[in-house]
Amino acid sequence: MTIELFYSGILQGLIIAIIAFGIMIPFRFLNFPDLTAEGAYPLGGAVCASLIAAGIPQIVAIIGGIIAGGFMALCTAQVALRLKVNSLLAGIILSTMAYSVNLRIMGKPNMALFDMGGLKFDVITLIIVLMICITPFALFLHTDFGLQFRTIGNNPKFAVNQGISVNHYTSLGLFIAGSMFGLAGSLMVQIQQFMDVGIGVGILIHGLAGLMIGESIVGNSTIPKQLAAPIIGALIYQQIHGIALSLGLSPSDLKFFTGSIVLIVIAIQKRSNDAL
């Protein structure tokens, strides 16, 4: 039972790592707090599940989920930047709208995917997928475009003075982040072989918890640390979940438990900053 929980924790942790990686992009690189994960994650899952149920190949269905998640995040960026709506509020509005969109796409609140598709996703496969996500982004950050991208979050006024388009780079960053959310949702529905319209509830706090735990352990002062933090944190966070369940914590208490972890990490980081 302990081995099963550990393996399941690694599997779930890798999915959370993809989400935490997506959350890190607007929060850390763009200084653009965003809640789109709550909507883009289930949207990607809904699109992927519906395409698979319609007989579309899994790879194409996953790409569909990725594009759907990226497009939703792009919409969030445009609402925030062009309509001058607070980025957090824009994410909440779009995520709320996505719930109705998901119901339209699926035609019902939930959908079973048993015995559909031939690809199976195990730990090794998910590690490969995660590396495919991170490696191109890491290379991009070291290009001239990547330097301009990082400037948006570090000093937006300087970026504007240098003729760097805040809109274009912010939109690009959110599209990449949303694509990660859509990918995570697409993978999760295939691992669970089930899609429910409510799977996105609370997913943002899971990703944030993983990101913050990782940053408290490895820091975020360099690009390698920033890229490693969401992966390490998500894996540790999910194992903490598994330990809590093995000790008898009810699944219904996990959201309270997750919130408590985030608050504890925030308190620790604040004390560390104050000490400096």
Per residue, the convex hull volume that the Cα atoms of the range 188-276 enclose (Å³)
113 Å³
Between ALA54 and VAL85, what is 0.36 nm times their sequence separation minus the Cα-Cα distance? Round to one decimal in nm.
7.4 nm
State the Kirkwood hydrodynamic radius of the range 27-123 in Å, one decimal place, computed from all pairs of distinct Cα atoms.
14.3 Å
Which whole-number value in Å³ per residue fits the convex hull of the alpha carbons of the chain?
136 Å³
Arrange the peptides 104-110, 124-130 so that the one whose residues have, on average, the most other Cβ atoms within 10 Å appears first.
124-130, 104-110
Could you tell me the extents of the range 104-186's C-alpha atoms along the three principal axes, largest first, rounded to whole Å?
55, 33, 14
Can you tell me the accessible area per residue over the chain, all protein chains present, probe 1.4 angstrom, in square angstrom?
48 Å²
Could you pull out every one of the lysines with an alpha carbon less than 24 Å from that of LYS157, ignoring same-chain neighbours closer than 8 positions?
LYS84
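The values are calculated or read from the model by the stated rules, or taken from the named source; none is laboratory data. From a predicted model like this one, the values you see are computed outputs, not experimental measurements. Note that each Cβ is placed from the backbone with ideal geometry, even for glycine, and that neighbours are counted across all protein chains shown. Just the protein is used for accessible areas: all its heavy atoms, side chains included, with ligands, DNA and RNA removed. Shrake-Rupley method; radii C 1.70, N 1.55, O 1.52, S 1.80 Å.
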